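Below is one structure, written out as structure tokens, with a few remarks after it.
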Amino acid sequence: MSGLALQNVVKEFGAFRAVNNVDLTVPHGTFVCMLGPSGCGKTTLLRMIAGLDLPTDGAIRLDGEDITRVPTHKRNLGMVFQSLALFPHLTVGENIAYPLRIRGKAKEEQKKRVDELLAMIHLSGYADRPVAKLSGGQRQRVAIARALSISPKLFLLDEPLSALDARVRVHLRHEIKALHRRLGITTIMVTHDQEEALTM
């Protein structure tokens, strides 16, 4: 079955079991929110899906392929962290193009994809702008565009809106939903905010 499948996934840190026998199927193109309080294991689970942590036991499959021990950079996924992790010394365009550049894509292809994504996130004309000159909401959009630049099979969001003010947060929820409808990428979002989970 296409999509993401977790089978009996366990993660232990010494004697502490952070994730206990999780079974989860996310059909291709679905948007799923993982909701729970801090410390319940949702980010740990997301990190295992991303390949940033290895499960102690169990299997993770993407479109039928076992990716449990496949390195992160070979999983064809995009991820947006709570901290955004944008490169402050690069421009908006350079940040978005970075995943394409390290994959050896031609400069013309990078520019075309950057322009396409900037239009998609309503920041056309911002390619040469320093990241430091952007608002929090604009930075979040750039982080989303960078994660989508490689046309990933899987899009992971780890509490991406929690640092923003309420008005911007509500606006970006709608933008993320619109992007999902347009692109149809299997998406998993982690949040501790029940209203946000239900809205998304």
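The values are calculated or read from the model by the stated rules, or taken from the named source; none is laboratory data. Computed from a predicted structure; not experimentally measured. Neighbour counts run over all protein chains shown; Cβ positions are idealised from the backbone, glycine included. These area figures cover heavy atoms from the full protein model, side chains too; ligands, DNA and RNA do not enter into them. Shrake-Rupley method; radii C 1.70, N 1.55, O 1.52, S 1.80 Å.
Assorted remarks:
- Residues in the stretch 10-28 that are surrounded by 14 or more Cβ atoms within 10 Å (Cβ to Cβ) and either of a type in the set (A, V, I, L, M) or outside any strand (DSSP E or B) (or both): Val10, Ala18, Val19, Val22, Leu24, Val26, His28.
- Figure legend. Inter-residue proximity from the stretch 179-200: first residues surrounded by fewer than 22 Cβ atoms within 10 Å (Cβ to Cβ), second residues part of a loop (DSSP other than H, G, I, E, B) and at pLDDT below 85, beta-carbon distance below 7 Å, spacing 6+ or different chains. Indicated pairs: Glu196/Leu161.
- Residue that is nearest to Thr44 (Cα to Cα) [pool: residues in the stretch 55-75 that are in contact with a Ser or Thr (Cβ under 9 Å, 6 or more places away or on another chain) and surrounded by 12 or more Cβ atoms within 10 Å (Cβ to Cβ)]: Pro55
- Scanning the stretch 65-82 for residues that are without any contact (Cβ under 8 Å) to a residue 40 or more places away in the chain and part of a loop (DSSP other than H, G, I, E, B) yields Ile67, Thr68, Arg69, Val70, Pro71.
Here is a yes/no grid of residues against (1) at pLDDT 95 or above; (2) under 28 Å from Cys40 (Cα atoms):
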residue: Val114; (1), (2): yes, no
residue: Ser135; (1), (2): no, no
residue: Glu159; (1), (2): no, yes
residue: Val168; (1), (2): no, yes
residue: Val190; (1), (2): no, yes
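- Scanning the stretch 118-147 for residues that are of a type in the set (A, V, I, L, M) and touching a strand residue (DSSP E or B) at 6+ places or on another chain (Cβ under 9 Å) returns Ala127, Val131, Ala143, Ile144, Ala147.
- Here Leu35 fits the description: within 22 Å of Thr187 (Cβ to Cβ), among the hydrophobic types (A, V, I, L, M, F, W, C) and either open to solvent by 30 Å² or more (accessible area, probe 1.4 Å) or at pLDDT 95 or above (or both).
- The condition (being at pLDDT below 95, among the aliphatic types (A, V, I, L, M) and loosely packed, with under 13 Cβ neighbours inside 10 Å) is satisfied by just one residue among Ala119, Ala143: Ala119.
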